[in-house]
1. Looking only at the range 280-290, count how many residues are within 17 Å of Leu304 (Cα to Cα) and surrounded by 16 or more Cβ atoms within 10 Å (Cβ to Cβ).
2. Could you list, in sequence order, all residues of the range 225-259 that are open to solvent by 50 Å² or more (accessible area, probe 1.4 Å), closer than 25 Å to Thr85 by Cβ and either assigned to a helix (DSSP H, G or I) or of a type in the set (Asp, Glu) (or both)?
3. Using the structure shown, decide if Ala99 is in contact with a helix residue (DSSP H, G or I) (Cβ under 8 Å, 6 or more places away or on another chain) and either among the small types (Gly, Ala, Ser) or open to solvent by 80 Å² or more (accessible area, probe 1.4 Å) (or both).
4. Can you pull out every residue in the range 48-71 that is open to solvent by less than 30 Å² (accessible area, probe 1.4 Å) and in a strand (DSSP E or B)?
5. Would you be able to tell me the number of residues in the range 72-94 that are of a type in the set (Asp, Glu), within 11 Å of Val129 (Cβ to Cβ) and either part of a strand (DSSP E or B) or in contact with a helix residue (DSSP H, G or I) (Cβ under 6 Å, 6 or more places away or on another chain) (or both)?
6. Looking only at the range 183-207, filter to residues that are within 22 Å of Leu84 (Cβ to Cβ) and out of contact with any helix residue (DSSP H, G or I) (no Cβ under 6 Å at 6 or more places or on another chain); which one of those is modelled with the lowest pLDDT?
7. Scan the range 151-172 for residues that are under 24 Å from Ser109 (Cβ atoms) and not in a helix (DSSP H, G or I) and report the count.
8. Can you tell me how many residues within the range 246-265 are touching a Gly at 6+ places or on another chain (Cβ under 7 Å) and at positive phi?
Amino acid sequence: MNVNDFDFELPEELIAQTPLLDRASSRLMTLNKETGDISHTHFSDIVSYLNPGDTLVLNDTKVMPARLYGIKEETGAKVEMLLLTQLEDNDWEVLIKPAKRVAVGTVVSFGDGRLQAVCKELLPQGGRVMTLQYTGILQERLEELGEMPLPPYIKEQLEDQSRYQTVYAKAVGSAAAPTAGLHFTEKLLEEISAKGVNVTYITLHVGLGTFRPVSVDKIEDHDMHSEYYEMSQKTADILNQTRKNGKRIITVGTTSTRTLETIASRDGEFTETSGWTDIFIYPGYEFKGIDAMITNFHLPKSTLMMLISSLASREIILNAYAEAVKEKYRFFSFGDAMFIY
């Protein structure tokens, strides 16, 4: 299957640059994955599409202020570093710009030495393994020195950093937000629970591979990035009971979807677990863990387009995206939402 099969024309003005004042006021397209039927409403109406006994699964990861600006200690040259994944102890996989300035042994200093990073290993495409050195607690140093790592297609500064976090974010570790969850407010989650819908959480720490383009022609040749996930026994029990009762499991976002599809057995059963997933879902994949999904509108030719095109068909998704462009929906991280059911 060719990557160009997942391309579409997107006017640049439809790429949302700032979040709406009210999270739940974004627009919502509902899409029947079998018939392709479409309706247009607002995200606050999502409650009416959920049934008592259904389970809504959200990713409670929290974005780190992981973009840091520092200098090489030897020369004073400016360096930008983006933390991606913690490896062992204080070793981190990072992206460095400009990468040519940072060789093995290079020391980069941030905040007058309050945080230092020593290059341990060179990786492809500007990647490095850096050993961090600091006093106290790393999260406190990052809060002092770091910035929120917004996606590359967002050009405007975010005045309120909390708007790139979900209201239920808890487990620190992501380099990007699980953006389908940005539409939820605490009030909306209360309404959903009051209707008899189960609300439960998994954790998947989102890496920057989410934004890396597919660089091969045949999607089967693409190497998927790896991300860390966790599922509690409580969540596994809720999901298994939902299955037993014949109700729907509805994921919020591609991150929750990939996590559940990684964990689910062939029979769609779940268990407490943690680990790393590089699952790549594209058309032809048979879902075991989920029945429906809430998601944002994605980049052309992206792995996320391929994932949703496997839940519905490619033709149904491309038709829905053409409708979204026609109706001037807002796209990407701060954009509108789609419910595929």
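1. Summing the residues that are within 17 Å of Leu304 (Cα to Cα) and surrounded by 16 or more Cβ atoms within 10 Å (Cβ to Cβ) in the range 280-290 gives 6.
2. The answer is Glu230, and nothing else.
3. no
4. Within the range 48-71, Thr55, Leu56, Val57, Leu58, Asn59, Thr61, Val63, Leu68, Gly70 qualify.
5. 2
6. Selected residue: Gly207.
7. Qualifying residue count for the region: 1.
8. Number of matching residues: 1.
The values are calculated or read from the model by the stated rules, or taken from the named source; none is laboratory data. All values reported here derive from a predicted model rather than from experimental measurement. Reconstructed Cβ throughout: ideal geometry from the backbone, glycine too, with neighbour counts over all protein chains shown. For the accessible areas, the whole protein counts, side chains as well, though only heavy atoms, and no ligand, DNA or RNA atoms are used. Shrake-Rupley method; radii C 1.70, N 1.55, O 1.52, S 1.80 Å.
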